[in-house]
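First the structure, in the form of structure tokens, and then the observations on it.
The values are calculated or read from the model by the stated rules, or taken from the named source; none is laboratory data. Fair warning: this is a prediction, and the values are worked out from it, not measured in the lab. Every residue, glycine as well, gets a Cβ built from its backbone with ideal geometry; the counts of neighbours run over all protein chains shown. Side chains included, ligands, DNA and RNA excluded: accessible areas come from the protein's heavy atoms. Shrake-Rupley method; radii C 1.70, N 1.55, O 1.52, S 1.80 Å.
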Amino acid sequence: TQFIGFNYAKTCEKQQKTNFGVHFFLDDYQFERLWKRPEKYTESLKRFKYVLSPDFSMYMDYPKVMQMWKHYQKHWLGAYMELYGVKVIPTIGWSDKDSFKWCFDGEPKNSIVAVSSIGTQRYKESKKAFLVGYNEMIKRLTPKLVLFWGNIPEEIDKTNILPMGYIMDEKFKLMRNSLQ
């Protein structure tokens with residue numbers, strides 16, 4: 001299954017929806033509207049093959065209560081969408097070791113999950129935090145498959161990883177380059 005960003009989901013043609021999944025590896029402002037009015041988007045999202053739970057940002061420098069709120073929003077929207085017939089794949093997120101106390105709560109074990117390394121690999125500290133969190137997720141959830149967005153660090157065992165891409169983003173780059 002190929003995935004498109006939530007920001008393209010509304011304009012995706014009806015016949016294409018059953019062939020695509022929807023991801024939320026975008027800036028939060030791109031999908032805050034889903035949090036504010038989930039009933040407005042659920043019927044449309046139901047037509048997609050899969051929808052990842054939203055990936056609200058949990059930056060390490062956010063106050064812990066804000067990180068917990070982002071985790072709650074993700075779970076609430078995932079549960080809401082499932083309740084109304086959307087096939088949801090959970091997105092797993094963490095910040096630092098302290099977040100391990102709660103960030104894996106409510107996540108399925110031995111299942112398919114999604115993660116993103118986007119924005120975490122540029123600096124030594126953020127890459128290390130990502131790797132520690134990823135390994136903790138593997139230990140606690142033992143996923144049977146990880147849908148992986150972004151660069152896969154060489155330190156990670158790639159056995160159960162399916163690298164994912166951005167179909168619509170690539171099309172946009174091609175269009176933009178052809179105009180130059």
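Modelled spin-label separation between Lys36 and Asp98, with each label point placed 7 Å from Cα along the Cα-to-Cβ direction: 3.1 nm.
Each stretch of four or more DSSP H residues adds -39500 (n - 2.57); spread over every residue of the chain, this sum gives -12000 deg cm²/dmol at 222 nm. The length gained by stretching the chain between Ser126 and Ser44 to full extension, at 0.36 nm per residue less their Cα-Cα distance, is 26.0 nm.
Order Val88, Val22 by their accessible area, 1.4 angstrom probe, all chains in place, largest first.
Reading off the accessible areas and sorting them downward yields Val88, Val22.
Of the residues Ile89, Ser44, His23, the one whose Cα sits farthest toward the positive end of the charge dipole of region 8-96, with +1 on the Cβ of Lys and Arg and -1 on the Cβ of Asp and Glu, is Ser44.
Placing pseudo-labels 7 Å out from each Cα toward the beta carbon at Glu136 and Met60 gives an inter-label distance of 1.2 nm. Using a Förster radius of 22 Å, what is the FRET efficiency between Tyr72 and Lys109 based on their Cβ-Cβ separation? Nearest 0.05, please. It comes out at approximately 0.65. Applying a DSSP loop filter and a limit of 11 other Cβ atoms within 10 Å to the chymotrypsin sites (Phe, Trp or Tyr not before Pro) in region 108-148 leaves Tyr123.
For region 113-157 versus region 48-69, the spacing of their alpha-carbon centroids is 15 Å.
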